[in-house]
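Let me begin by presenting the structure, written as structure tokens, before commenting on it.
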Amino acid sequence: MNIKVNNRNMVILSIMSVAITWLLNHEVGYGAVVSNGVVGVIGAILLPGPLAGAVFTSSFVGMSGLNVIPSLTWAVVGGAVVGVVIVLTKEIYVGIGGKGGTTAATSALITKAIISIFN
Amino acid sequence: MDNIAILIAGIIGSVGSYWISLYLNKGATMGAALMTLLSGLVFPNLPFIEPALGATLAVVSTTGAYAGMISKKNVPNIVEMVVIGVFVGTISILAMTTYSGVGGKLGTMAAISCLAWLGIKKVFKIGAVGKKEEEKA
């Protein structure tokens, strides 16, 4: 798929990735692991490397339980948070396995903090 | 017995992901995503394992798959990946109940495993990292 690798697309795809993973996980009932795998494989097939990496990383946020991200609306917010964090931390710890997960965990906790402010 | 199965799942996930990524040349994202999908589909449905343990093994294997995204520069061979897989299994056993439900927890555990191994390599001057340190000195 011919999509430009830029920050805007990274954030948009991150939001889509978190929302789709959250839906597959909680609404369709695939569970966190399979949902993440499905989104990651589709992303890796369709998108250029950096965007596929961003989609896979964002997908980790969608693996969150309902105690962390309770609704699709908050999943979209979580997607925006992780998209921004990915864009801001592109050069940090490149090539270390698990960097994406650390980014996602940070974003999930930021999202949880935002949710706790509004609830 | 369950703990041994968890360690093996960690090794399978990390080696599988690393192998798909670097030896089949599919890239880190495809390697980890494919291994994650396979783990989620296969482990919970194995006939000789209890479903609860199968689900746990799928999660640990997934954690290993994230660790397998490490670059060849940092981990140049499969043997080192096996060691990281053991770290993944051990950390999974120790931290299974921590931060339950937070997306990214597994990836963070994978990062800790990779950084622990890279730290050991640096301290004991093992492999490429050790050689680089000696050259600098």
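The values are calculated or read from the model by the stated rules, or taken from the named source; none is laboratory data. All figures in this text were calculated on a predicted structure; none of them were measured in a lab. No Cβ is skipped: glycine too gets one built from the backbone with ideal geometry, and neighbour counts run over all protein chains shown. In case anyone asks, the SASA skips ligands and DNA or RNA and just uses the protein heavy atoms, side chains included. Shrake-Rupley method; radii C 1.70, N 1.55, O 1.52, S 1.80 Å.
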Exercise for the section: Please report the base-10 log of the normalised intensity I(q)/I(0) for region B:30-118, using a Debye sum with one equal scatterer per alpha carbon and no solvent, at each q in 0.21 (1/Å). Expected result: -1.02
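Per residue, how large is the accessible surface of region B:2-136? Use a 1.4 angstrom probe and give square angstrom. Write down the numbers at each step before the final one.
On the way: 6260 Å² over 135 residues.
I get 46 Å² per residue for this part.
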Fill in the blank from the handout: region B:70-98 and region B:35-65 have their Cα centres apart by a whole-number Å value of 17 Å
Fill in the blank from the handout: Taking every residue of A:105-111, the Cβ atoms of other protein chains inside 10 Å of its Cβ average out to 4
Problem - Sites excluded, chymotrypsin sites (Phe, Trp or Tyr not before Pro) in DSSP loops with at most 11 other C-beta within 10 Å, longest stretch of chain B - result: B:49-123
Exercise for the section: Rank these residues by their accessible area, most exposed first, probe 1.4 Å: B:Glu80, A:Glu91. Expected result: A:Glu91, B:Glu80
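Anything in chain B that counts as a DSSP H helix reaching 18 Å or more along its axis (C-alpha) with Kyte-Doolittle mean of at least 0.5? List them, would you?
Numbers: long enough: B:2-18 (24 Å, 1.35); B:28-42 (21 Å, 1.71); B:51-67 (24 Å, 1.08); B:78-95 (25 Å, 2.42); B:105-123 (27 Å, 1.03).
The answer, listed by residue number, is B:2-18, B:28-42, B:51-67, B:78-95, B:105-123.
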Fill in the blank from the handout: Checking region A:1-98 for chymotrypsin sites (Phe, Trp or Tyr not before Pro) in a loop per DSSP with at most 16 other beta-carbon atoms within 10 Å yields A:Tyr93
Practice task
Note the buried accessible area between B and A here, summed over both chains, with a 1.4 Å probe, in Å² to the nearest 100.
Solution key: 2100 Å²
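Throw me the Rg/Rh for the protein assembly as shown, computed over C-alpha atoms with Kirkwood Rh, two decimals. Intermediate results must be reported in sequence, preceding the final value.
On the way: Rg = 17.3 Å, Rh = 17.9 Å.
Ratio of gyration radius to Kirkwood radius for the protein assembly as shown: 0.97.
Count, for each residue of A:12-25, the Cβ atoms from other chains sitting within 10 Å of its Cβ, then give me the mean as a whole number.
On the way: counts 0, 0, 0, 0, 0, 0, 1, 0, 0, 1, 1, 0, 0, 1.
Mean partner-chain Cβ count within 10 Å for A:12-25: 0.
In peptide A:48-55, how many Cβ atoms from other protein chains are near each Cβ within 10 Å, on average?
Other-chain Cβ atoms within 10 Å of each residue's Cβ, averaged: 2.
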Exercise for the section: Starting with the highest mean, order A:111-119, A:40-48 by the number of other Cβ atoms within 10 Å, averaged over the residues of each peptide. Expected result: A:40-48, A:111-119
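Would region A:7-118 count as rounded, prolate or oblate if I go by the C-alpha gyration tensor, calling it rounded below 1.5 in a/c and otherwise prolate when a/b exceeds b/c, oblate otherwise?
Values: a/c = 1.66, a/b = 1.17, b/c = 1.42.
Oblate, because a/c is 1.5 or more while a/b does not exceed b/c.
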Problem - Whole-percent carbon and sulfur share, accessible surface of the protein assembly as shown, 1.4 Å - result: 69 percent
Completion exercise
Regression test value, accessible area per residue of chain A, probe 1.4 Å, units Å², expected 45 Å²
Handout entry: Computed [θ] at 222 nm, deg cm²/dmol, chain B (DSSP H ≥ 4; -39,500 (n - 2.57); rounded to nearest 500)
Key = -23000 deg cm²/dmol
Fill in the blank from the handout: If amide H atoms are modeled at 1.01 Å from N in the peptide plane, then the residues at a separation of 5 or more from B:Ile70, or on another chain, having amide H under 5 Å from its own are A:Gly97
Practice task
Among the listed pairs A:Lys112/B:Lys26; A:Lys112/B:Lys73; A:Lys99/B:Lys121; A:Lys4/B:Lys122, give every one whose C-alpha distance is greater than 28 Å.
Solution key: A:Lys112/B:Lys26; A:Lys112/B:Lys73; A:Lys4/B:Lys122
